[in-house]
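Supplied in structure tokens, the structure appears directly below.
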Amino acid sequence: MRKRILFLLAFCGLGIAAVSAQDFNRFNFNVGGGFGGALGDVGKFTGTSYHGVAGGGMNLSRVFGFKAEYMYFNLGFKDSVKAQPTLSDATGHLQSATLNAFFNIPLQGKLGVYAIGGGGWYQRTVDTSSQFLPKGAVCQPAWELWGIICTNGLLETAQTLSSNTVSAGGYNVGGGLTYRFHQQAKIYVEGRYHHANTSDGRTSVFPVTVGLRW
């Protein structure tokens, strides 16, 4: 009986030590926003704009975990695009829902760095006032984001210009710097590249985000 009691006490001691070693928040959250720009095919027609992101997930250890994130990225069309009569009120945005893994690297003091990456679903939407485009009209380069089909720079058939939404799978990769100002809360600055293989051309953006992680 004495041996069993000693074994039980030793087992409990090991259990307490293991729990103490894993004393970290099991869940993580983040919210932030900032500015960024589109690249590739979409970047030809849009400039620097704003975005917002929010997410939450689970920490598997102090340095590694997963999180699901939602991002809204405004697509602000360039003045040269809005100078076209058919696109004077053009607007657009990109939304994404992704699952990402991250790896934290503590630095000296309250500073840290991290890498993050993952994949998910991206949806790009562009809007403008509904307009009838007659056969033979001269095409504008930005019309390609609205799915307007041109041949040799002209419309072969009459089409309507209004709104267009495309969706596709994609991925993201990036990293950031953190500063711990509370026991569990950090300010972070992050740069991340997002890419989606949309059917009408590459949709790529690079947002720079400032926010809170806890």
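Just so it is clear, none of the values below were taken in a lab; they were calculated from the coordinates. The structure displayed is predicted, hence computed values, not measured ones. Heads up, the Cβs are rebuilt from the backbone with ideal geometry, glycines too, and the neighbour counts pull from every protein chain shown.
Specify which residue in the list 25, 178, 134 is farthest towards the positive end of the charge dipole of the chain, using unit charges on the beta carbon of Lys, Arg (+1) and Asp, Glu (-1), about the Cα centre.
Of the listed residues, the answer is 25.
With a sphere of radius 12 Å drawn around the Cβ of residue 65, what net charge do the other residues whose Cβ falls strictly inside it have (Lys, Arg +1; Asp, Glu -1)?
Here the count lands on +4.
Which whole-Hz ³J(HN,Hα) couplings does the stretch 147-164 yield from phi under the Karplus relation 6.51 cos²θ - 1.76 cosθ + 1.60, θ = phi - 60°, glycine and proline marked x?
So the J values, rounded to whole Hz, are x, 6, 9, 10, 10, 6, x, 10, 7, 7, 9, 5, 9, 10, 9, 8, 9, 8.
Taking the dipole about the Cα centre of the stretch 25-213, with the C-beta of Lys and Arg at +1 and of Asp and Glu at -1, give me whichever of 43, 66, 198 is farthest to the positive side.
66
Given the options 116, 151, 90, identify the residue whose Cα lies farthest towards the positive end of the charge dipole of the stretch 75-214 (+1 on Cβ of Lys, Arg; -1 on Cβ of Asp, Glu).
116
What is the local net charge at residue 77, summed over the other residues whose Cβ is closer than 15 Å to its Cβ (Lys, Arg +1; Asp, Glu -1)?
Neighbour charge sum, excluding residue 77 itself: -1.
Using the Cβ atoms and a cut-off under 13 Å, what net charge is assigned to the surroundings of residue 28, where Lys and Arg are +1 and Asp and Glu are -1?
Its environment carries a net charge of +4.
Further, regarding this structure: Can you give the Rg/Rh ratio of the chain, where Rg is from the C-alpha atoms and Rh is the Kirkwood radius?
1.22
If I build a Gaussian network model for the chain, linking alpha-carbon pairs within less than 10 angstrom, which residue out of 99, 145, 60 has the largest mean-square fluctuation?
Among 99, 145, 60, the largest mean-square fluctuation in the Gaussian network model of the chain belongs to 60.
Separate question: Relative contact order for the chain: what is it in percent, counting Cα pairs under 8 Å that are at least 6 residues apart?
Details: 512 pairs, mean separation 42.9, N = 214.
So the answer I get is 20 percent.
Let me ask something else. Please identify which residues in the stretch 43-81 have an amide N closer than 17 Å to a label point set 7 Å out from the Cα of residue 24, following the Cα→Cβ vector.
So the set is 56-68.
With charges set only on the Cβ (+1 for Lys and Arg, -1 for Asp and Glu), what does the dipole of the chain come to about its Cα centre, in debye to the nearest 20?
1380
At what distance in nm do the modelled label points of residue 202 and residue 173 sit from each other, each positioned 7 Å from its Cα along Cα→Cβ?
Modelled inter-label distance: 1.3 nm.
Nearest 10 degrees is fine. How inclined is helix 2-21 to the longest principal axis of the chain, computing both from alpha carbons?
The helix 2-21 is inclined about 30 degrees to the chain.
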